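Colleague: Sharing a structure with you now.
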Amino acid sequence: MGKPNDLVQGTLDLLILKTIAPEPKHGWAIAKRIQQISRDVLQVQQGSLYPALHRLEQKAWIKAKWKETETGRQAKFYSLTAAGRAQLEKEAANWSRLSSAINLVVETT
Amino acid sequence: MLWIRRFLLRLQTLVRRHRSAQLLNDEIQFHLEQQIAENIAAGMTREEARHTAMRSFGNPTVLKEETRDTWGWTRLEQIAQDLRFAARMLRKSPGFAWIQQLRVLLVGGVPLPYRRARRRARGLFFLAPVFRAPSFSSAGLFSINGFCRQSGHPPG
């Protein structure tokens, strides 16, 4: 079970960028989605999303907009900016390079 | 222009600091309510649902603070505070304060026995006249990062 502290900061950034790439989402939906897709392996401590989201927003990789949800409540929806999309590609490439390198080491006998 | 955008975003959180903090409260409140609603839908009592939601969220106060830190003004506010303090000190005794700053810069901020400081200072020949300045002999020579000890004569 990965706790947020186990998640390297850069990894959480990557997960967030990836999660909001298809469509804008609010914080809670992002947390749920990460949990769902990783089949509950990645349990992000939900609150720790917010410092990360605001940091990414300050970097102008994501932008936020208050919108109504289906239930009629106002929520802050995050979406990728052009710079964020470029960053996502960069970080995804870095990640697959890193993870395949680790795989090589772990699986080599 | 990414840096302009970033700068404007920063500025926004500074100028509308209270508003930004309020919006952050709303954002987190929304999150908790969503989670509580989901927990209730999963069959928990209202109290259980609230408790579980809070547990999976973490400490809201700490997290809000962490979030506000990402707006990047905390450090600047601290620096501004230090600068105001420094300016007050400089106005109070300009000559003394400047020499202290120079000394901290060149000799180091550690309080040294007077004579050692003098010996070192003499080594820095270009500072010698400064260190012989009459205003200096009556004031304490030692400082820790600019905090001046003003009372009496230096030891040694």
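Colleague: Taking a probe of 1.4 Å, how large is the accessible area per residue of segment B:3-85, in Å²?
Modeller: With all protein chains present, segment B:3-85 gives 67 Å² per residue.
Colleague: Heads up, I need the accessible area for B:Thr70: 1.4 angstrom probe, whole protein in place, Å², nearest 10.
Modeller: That residue has around 20 Å² of solvent-accessible surface.
Colleague: On to the next question. Restricting to Cα pairs below 8 Å that are 6+ residues apart, what does the relative contact order work out to for segment A:14-75? Please round to a whole percent.
Modeller: Worked out over segment A:14-75, it gives 23 percent.
Colleague: Same structure again: Give the calculated FRET efficiency between A:Ala21 and B:Leu2 to the nearest 0.05, with a Förster radius of 22 Å applied to their Cβ-Cβ distance.
Modeller: 0.75
Colleague: Find the eigenvalues of the gyration tensor of the Cα atoms of segment B:23-93, then list the square roots of 5 times those eigenvalues as equivalent ellipsoid semi-axes, largest first, in whole angstrom.
Modeller: Largest first, segment B:23-93 gives 44, 10, 7 Å.
Colleague: On a straight-distance basis, which aspartates and glutamates could pair with A:Lys18 in a cross-link, Cα separation under 20 angstrom, same-chain partners fewer than 8 positions away excluded?
Modeller: Output for A:Lys18: A:Asp6, A:Asp40, A:Glu57, A:Glu89, A:Glu91.
Colleague: To check my understanding: the extent here is largest minus smallest coordinate of the Cα atoms along each principal axis. What are those three numbers for chain A, in Å, largest first?
Modeller: That gives 57, 29, 21 Å along the principal axes, largest extent first.
The values are calculated or read from the model by the stated rules, or taken from the named source; none is laboratory data. Nothing here was measured: the structure is a model prediction, and the numbers come from that model. Backbone-built Cβ (ideal geometry, glycine too); neighbour counts: all protein chains shown. Only protein heavy atoms, including side chains, enter the accessible area calculation; ligands, DNA and RNA are left aside. Shrake-Rupley method; radii C 1.70, N 1.55, O 1.52, S 1.80 Å.
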